[in-house]
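One structure is given here, and the rest of the page talks about it.
The values are calculated or read from the model by the stated rules, or taken from the named source; none is laboratory data. Just so it is clear, the structure is predicted and the values come from calculations on it, not from any experiment. Cβ placement follows ideal geometry from the backbone for every residue including glycine, while neighbour counts extend to all protein chains displayed. With ligands, DNA and RNA removed, areas are computed over all heavy atoms of the protein, side chains included. Shrake-Rupley method; radii C 1.70, N 1.55, O 1.52, S 1.80 Å.
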Amino acid sequence: MFTKKLGFGLMRLPLNDPADRHSVNMEELKRMVDTFLDKGFNYFDTAYVYANSEDSIKEALVKRHPRERYKLATKMPLLNLKEPGDQERIFNEQVARTGLDYFDAYLLHNIGVQNYKIAQQFGCFDFIKQKKKEGVIRQIGFSHHDSAELLDEILNAHPETDFVQLQINYLDWDNKSIQSGKCYEVAQKHHKPVIVMEPVKGGTLANVPEKAALLFKNHHPELSAAAWAIRYAASLDGVTGVLSGMSNMEQMLDNTGFMQDFKPLTDDERAVIANAISTIKESIAIPCTGCNYCVKDCPKNIAIPNFFALYNNVKLQPPLPFYIEGLYYSRFTETHSKASDCIKCKRCERACPQYLGIVNYLKDVTQIFEKK
Ligand code: SF4
Ligand code: SF4
């Protein structure tokens, strides 16, 4: 589906007013779409729940370029399904919003424990299979934000899936909660092509700490930090494309520049990234090693190391109105207690070989993930 290994993610469109996610700067978006196509790229990724995204891409792309020049993917918002008939209604809305008579790729959006239940309850996999049969969807898949174990379960139950969309970047590769690496391995085991989302972690890996930035600059003065992150994801076997949520022309020119003639990472470059990871992790807020010793005696079944891993990720990012980690946090609270449920018995602290002040750290976690 991808002519080149970079896709245009349409979640963070250029805006006229940065405080208003609906104020899409259409002229800038049109220029970006044209540039993207002119440079030989073709894949666009939108979703029902991205503010004004499906309508905007109709104006900037669908109405202005021949159908054979591009591929467009969109997604079914599982959380919006409340009653039978909702799927058909939403799908028809998406057809109207985008102005397309078929989607090149269609995903069940944001699968995790809870959303998988919704997908089962509403027969969503059958729904998209049927649409594929009718020719209004060409390839079916789902975006996954949960454990490798659940991904394995879903792919066993739904071998008809054409591809999976995974959050993969070099910082989340070993993250205990996000499990980029483990999820990638599951997809490989099932021989499913992978489309990568969040290769730059919502912009975090475009603005790495100074020491890591220097490592990159010393090796390739001309490359941005984002280039390293996107090339890392694109270099993995089985990855057909990497989505980058480009929000302005500067990002568009940067990303398309190094991806136009994509070259996988060399061994030397991999070593540079390994060093950068160590450097970035030095600025980690909670030095939890993920050993799990604290978990087994916790009377409240709190996912302590998982919460800390998510918290650490948030702390590496600039202040944002929304953190993807919040999604993972909600997922964990479906099967575990919340950080705020801690009764301060300190059994965990007695078990922790790093002598961490877990109870206080859980208060910090609560502040970030449970504030309304
Ligand atoms: S202090 Fe809180 S987190 Fe630690 S074991 Fe007790 S309830 Fe669990
Ligand atoms: S025992 Fe300490 S270091 Fe190990 S997972 Fe728990 S908090 Fe982290």
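Can you pull out the residues in segment 38-72 that are touching a residue at least 60 places away in the same chain (Cβ under 8 Å) and under 22 Å from the mean Cα position of the chain (by Cα)?
Across segment 38-72, the qualifying residues are F41, Y43, D45, A47, Y48, V49, K71.
Any idea how many residues of segment 341-372 are open to solvent by 50 Å² or more (accessible area, probe 1.4 Å), closer than 30 Å to K117 by Cα and near ligand 1 (Cβ under 10 Å from one of its atoms)?
1
If I filter segment 315-336 for residues that are in contact with a strand residue (DSSP E or B) (Cβ under 9 Å, 6 or more places away or on another chain), more than 16 Å from ligand 1 (Cβ to nearest atom) and not in a helix (DSSP H, G or I), do I get at least one hit?
Looking through segment 315-336, at least one residue is in contact with a strand residue (DSSP E or B) (Cβ under 9 Å, 6 or more places away or on another chain), more than 16 Å from ligand 1 (Cβ to nearest atom) and not in a helix (DSSP H, G or I).
Does A157 satisfy the condition of being farther than 28 Å from E68 by Cβ and open to solvent by less than 30 Å² (accessible area, probe 1.4 Å)?
Considered against the rule, which asks whether it is farther than 28 Å from E68 by Cβ and open to solvent by less than 30 Å² (accessible area, probe 1.4 Å), A157 comes out as no.
Do we find that A303 is open to solvent by less than 20 Å² (accessible area, probe 1.4 Å) and touching a Leu at 6+ places or on another chain (Cβ under 6 Å) in this structure? Write out each step before concluding.
Working: open to solvent by less than 20 Å² (accessible area, probe 1.4 Å): yes; touching a Leu at 6+ places or on another chain (Cβ under 6 Å): no.
Considered against the rule, which asks whether it is open to solvent by less than 20 Å² (accessible area, probe 1.4 Å) and touching a Leu at 6+ places or on another chain (Cβ under 6 Å), A303 comes out as no.
Among the residues in segment 196-211, are any modelled with pLDDT of 95 or more and assigned to a strand (DSSP E or B)?
yes
Looking at segment 203-258, which of its residues are polar (S, T, N, Q) and under 16 Å from A274 (Cβ atoms)?
Of everything in segment 203-258, those that are polar (S, T, N, Q) and under 16 Å from A274 (Cβ atoms) turn out to be N218, S235.
List the strands (runs of 3 or more DSSP E) inside segment 25-131, counting only whole elements, that have at least 2 residues being open to solvent by 40 Å² or more (accessible area, probe 1.4 Å) and modelled with pLDDT of 95 or more.
none
Exactly one of (1) away from ligand 2 (no atom under 16 Å from the Cβ); (2) part of a helix (DSSP H, G or I); (3) over 17 Å from F2 (Cα atoms) is unmet by N255. Its number?
If we test N255 against (1) away from ligand 2 (no atom under 16 Å from the Cβ); (2) part of a helix (DSSP H, G or I); (3) over 17 Å from F2 (Cα atoms), just (3) comes out false.
Residue-by-condition table, conditions (1) of a type in the set (K, R); (2) more than 15 Å from ligand 2 (Cβ to nearest atom):
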{"position": "I273", "(1), (2)": "no, yes"}
{"position": "A276", "(1), (2)": "no, yes"}
{"position": "K281", "(1), (2)": "yes, no"}
{"position": "A285", "(1), (2)": "no, no"}
{"position": "N292", "(1), (2)": "no, no"}
{"position": "I304", "(1), (2)": "no, no"}
{"position": "P318", "(1), (2)": "no, yes"}
{"position": "R331", "(1), (2)": "yes, yes"}
